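What follows is a set of notes on a single structure, which appears directly below.
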Amino acid sequence: MYARWLVACALVLWLAAALLLVAARWIDPPTTAVQIERRLQAWIHDKPYQKRYQFVPLSQISLNLQHAVIAAEDGRFYQHHGFDWHQMQIAAEEDLEGERIRGASTLTQQLVKNLFFGTSRSILRKGAEATLVPVAEAMLGKQRILELYLNVVEWGPGIYGAESASRVYYRTPARNIGREEAARLAAVLPGPLKRRPERMNRYSAIILNRMQQTGW
């Protein structure tokens, strides 16, 4: 009986998340699981928290920044359908050799995690995330996925989205971000609570090289 109740609750939560993904095709999310998690953490630890979150259309985000984020986080974004099996294989081989360079999560996977699961890590979370990724790909399309990701991703303590990050770090709208600035911002994404653009010399150079190789 208890097991059935848990399965029923899990199914209801999954359906709710799937419906929210469908709605996200037209409606910009007012908040995310990560944003809620950070606010709760600040409240629990009695620390100050200022949220900066301004959603802007993809057309108002510099192509430099769009390209830099794709180059840094998901180089095969336009080739896969939510899962980059090629990059997963590379990551697994690097894990075996103890030389992991980059993760294998796609922008779609990261978006789903950001919206619904926060920063926690577990096999159950990964499983639930995997079942929602095809929904996101089918209902949203690549451009909307990119737009959502760039607007909700965490870029620093209380800083969410390209517009807020651009204004905080460079005092300019996201549409004005140049190549060097874009690469530095993209380099922050794997560790937004610790990394800062001005310190990302090595990683930004790698991202700029990837952009050049792709023809960006």
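A few comments on the model shown:
- Positions within the range 134-160 being open to solvent by 20 Å² or more (accessible area, probe 1.4 Å) and either under 16 Å from I70 (Cβ atoms) or at pLDDT below 95 (or both), in sequence order: E137, G141, K142, Q143, R144, E147
- Applying the condition of being open to solvent by 50 Å² or more (accessible area, probe 1.4 Å) and either of a type in the set (A, V, I, L, M, F, W, C) or in a strand (DSSP E or B) (or both) to the range 118-133 and asking which residue is modelled with the highest pLDDT yields I123.
- Summed over the range 28-52, residues that are exposed (fewer than 12 other Cβ atoms within 10 Å of the Cβ) and over 18 Å from the mean Cα position of the chain (by Cα) total 7.
- Pairing each residue of the range 193-216 that is farther than 20 Å from G161 by Cα and aliphatic (A, V, I, L, M) with any residue that is open to solvent by less than 90 Å² (accessible area, probe 1.4 Å) and at pLDDT 95 or above, provided the two are 6+ apart or on different chains, yields C-beta distances under 6 Å for L208/A183; M211/H67; M211/A71.
- Comparison of R195, R210 shows that the only residue that is part of a helix (DSSP H, G or I) and among the charged types (D, E, K, R) is R210.
The values are calculated or read from the model by the stated rules, or taken from the named source; none is laboratory data. Just so you know, these numbers come straight off a predicted model, no measurement behind them. Every residue, glycine among them, receives a Cβ derived from its backbone with ideal geometry; neighbour counts consider all protein chains shown. What goes into the accessible areas is simple: the full protein's heavy atoms, side chains included, and nothing from ligands, DNA or RNA. Shrake-Rupley method; radii C 1.70, N 1.55, O 1.52, S 1.80 Å.
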